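**Student:** Below: one structure in C-alpha cells.
The values are calculated or read from the model by the stated rules, or taken from the named source; none is laboratory data. Predicted, not measured: the structure shown is a model, and the values here were computed from it. Cβ: placed from backbone, ideal geometry, glycine included. Neighbour counts: every protein chain shown.
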C-alpha cells in the first residue's frame, strides 16, 4: 500500500518546481519597461475604448491582446456598484469627448472607465503576472508528456525542472509578449499528442492537440510550425504510409523529392535565390528516385509485406483518412480564428500586417540584432541553443544540450516520437535562419522539445551506466543508482539558485536604488583589483561615478594597446545615442549585484528600469558606442562606403566626401559640419545613418 501511495504522490514533486519558478518570476516582475509591451497595451486600450474587441494592429495575433484585457476584470466589481454614480458617469462622458474619431462613441461607459487603468503600473504588473502564470503551465504539460511517453518519473521531473529553472525561460516568461505563452501551447500540444499515442480514443486527443496548435498560432504566427508534429502524429495514427505503399512509386518519388529539397536548402545557404536550389534539389531527387526505384522497391516491398503479416492493426481507407484529417485541420483553424478573429473579420488588414511582419525581419537596416547572413544566423542560433539555452552557466547548458543529442539517438527505434520532437527543431531553425534579424525569444517555442530530449538522454545514460557497472562488477550498481540523479539534481539546483538571485537583484534595485548603486561601485572596485593584469577604459559616466564615490584613478589603457583593453560603462549610457550589437555569446559581463533582468549578451539594447555596470571588450564598444568615452569622431572612407550601401542620395554622399578624416570633438560638432555640407533637413533625415558609421578614436591627452 505504501509503495502504491508513493507511486501516486511522487507526481506532486512537480509542484515545488512550478512554485519556485512562479515565486521567482513574481519577485522579479517589476523590471521596468519592455520595448514591445506598449503595442499590446495600446491595442487593449483601443479595444476597450471602441467596444470592438479587435486591436486593429496585427503584427501579433490577437490572443495576447485578449490576455492584456484580463487585468481589467479586477476593476469591474469595484465599478459595478458605482456605475450609476454621477462622478463615474461624468468621468465616462468626459473621457468619450476626447476619444479619437475611429472609436465607437456608443461603447459602454464601463469600458471607457476600465481603459483609464490600462496605463497604470499596477495594471502592467497584473498583466505580467497573468502571462507568467500561463507560460509556466508548460512545466506541467512537459511533465505529463514525458510521463506518458516514457513512464519514468525521474525523466518527467527532470524535463519539468529544466524548463522551470532555465535562466532563459525565467526572464522571457516575465515579459508580456507572445513568445513564452506560445511555448506553453506548444508544450500543451506535446502533452496531448502523448495521450494520443498512449491512450484509447486517439481521435479525441488529436483533435485537442490540433486546437492547442491553433491557439499557439493565434498567439504568434510562427506557431504554425506546430502543424509539423501534428501531421506526423496524424499520419502515424492513420497508418498513411501503409496505404501509400500500394502506390509505392508515389511514396518513393515523394521521398526522393524531400531528400533532394533538403540537400538543396543547405547547398543554397547564403544565396539570394535559395529557393531555386531547393527546387533544383527536388527535381534531382525525383529523377534519382525514378532511376533507382526498380532496384530498391523490390527489397522494400518484401520487408514491408513481412511487416504487414506481423502486424494485425487495421489500415484505414483513403476516404476515412481524408475525412479525419479534414476534421483535425478544422479544429486547428477554428482555434486560430477564435483566438484571432481578425483573420476573418478584417482579412485585408490582417494580410497586410503578415506581409509587414515578414518584411520587418527580412530587412535589417541599422539594427542591433542584425546578422551578416544565413550562415551567420545559423551559427549564432546554434551557439545560443548549445551554450545558453538550458542555463546561465555555459558548462551546464552544453551538458544538457549534449544530453538532448543523446536523447535523439535513444529514440531511433521510436520513429514517431523521434519525428515529433526533432522535425520541429530542425525545420524551425532552418526557417528562422532566413531572416536578417535574430531575436532569441523567437526560439523559446523549442524549449519543450529540447527539454524532453535532454531528459530522455539523461535517463538513458542512467540505465546504460548502471548496467555497465553491474556487468563489469566495477562497483555495486545500487551505489551508482543515486550518483547520476544526484549530479543532475545539483545542476538543476544551481540553475534554481541563479534564477532566484537574478529575481532578487531586481527586487533589491527597486527597494533601495542608492544602496544598490553603492554595491555596484564596490563590486566594480573588487573586480578591478582582482584583475591587476587587465587594462580598463572608463566611460564618461563611469568616471564621474568613481570620482563621486572618492575612488582613486584606476589605470587607464594606453592608446597603443587599446585592442587588449576592456570598456567599463553603464548599460543605459550606450543607449542614449548608440545601438551596441547583440547576439554575442559571453561578450558582456555585468558587475554584481546586477540587476539581472535579461541576458545582456542577447539583448544589448535592453533598457528596463535598472542601470548596470558592464565590462566588455573595448575595441567593439569603441566602434559601436564611442561617444560615451573621451574620444574624437570622424568620417573615413569606410564610413562613406557603409553609408553608400544604404542607398543615400548620390548628392548627399558627394558632399559628405569633403568631411573625410576631419576630426571632431563631439557629436554636436560633427552634426554642425554635416549640416553645413548637406543642409539641415538632410542632416536630420540621415543623421542616424551617418552617426552609426562614424569612427571614434581615444584622445591621447
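**Student:** Go through (1) part of a helix (DSSP H, G or I); (2) closer than 29 Å to residue 570 by Cβ; (3) touching a residue at least 24 places away in the same chain (Cβ under 8 Å); (4) in contact with a helix residue (DSSP H, G or I) (Cβ under 7 Å, 6 or more places away or on another chain) for residue 682 and report which single condition fails.
**Tutor:** (2)
**Student:** Hey, can you tell me all the residues within region 423-444 that are surrounded by fewer than 21 Cβ atoms within 10 Å (Cβ to Cβ), closer than 18 Å to residue 163 by Cβ and more than 14 Å from the chain's Cα centre (by Cα)?
**Tutor:** Answer for region 423-444, where residues must be surrounded by fewer than 21 Cβ atoms within 10 Å (Cβ to Cβ), closer than 18 Å to residue 163 by Cβ and more than 14 Å from the chain's Cα centre (by Cα): there is none.
**Student:** Here's another thing I want to ask about it. Which helices (runs of 4 or more DSSP H) sit wholly inside region 106-208 and have at least 3 residues that are free of Cβ contacts under 8 Å to residues at least 12 places away in the same chain and crowded, with 24+ Cβ neighbours inside 10 Å? Outline the logic, then answer.
**Tutor:** On the way: elements: 109-115, 121-136, 138-150, 153-164, 167-174, 178-198.
In region 106-208, there are no helices (runs of 4 or more DSSP H) which contain 3 or more residues that are free of Cβ contacts under 8 Å to residues at least 12 places away in the same chain and crowded, with 24+ Cβ neighbours inside 10 Å.
**Student:** Restricting attention to region 178-185, does a residue exist that is under 19 Å from residue 503 (Cα atoms) and modelled with pLDDT of 95 or more? Give the steps one after another, and end with the answer.
**Tutor:** The initial filter retains those residues of region 178-185 that are under 19 Å from residue 503 (Cα atoms), namely 180.
If we keep only those that are modelled with pLDDT of 95 or more as well, we get 180.
Checking region 178-185: at least one residue is under 19 Å from residue 503 (Cα atoms) and modelled with pLDDT of 95 or more.
**Student:** Additional query: Take the residues in region 526-542 that are part of a helix (DSSP H, G or I) and at pLDDT below 90; name whichever of them is farthest from the chain's Cα centre (by Cα).
**Tutor:** Of all residues in region 526-542, those part of a helix (DSSP H, G or I) come to 526-530, 540-542.
Then keep just the ones that are at pLDDT below 90; that gives 528-530.
Details: 528: 34, 529: 37, 530: 35 Å.
Among those residues, the one meeting the criterion is 529.
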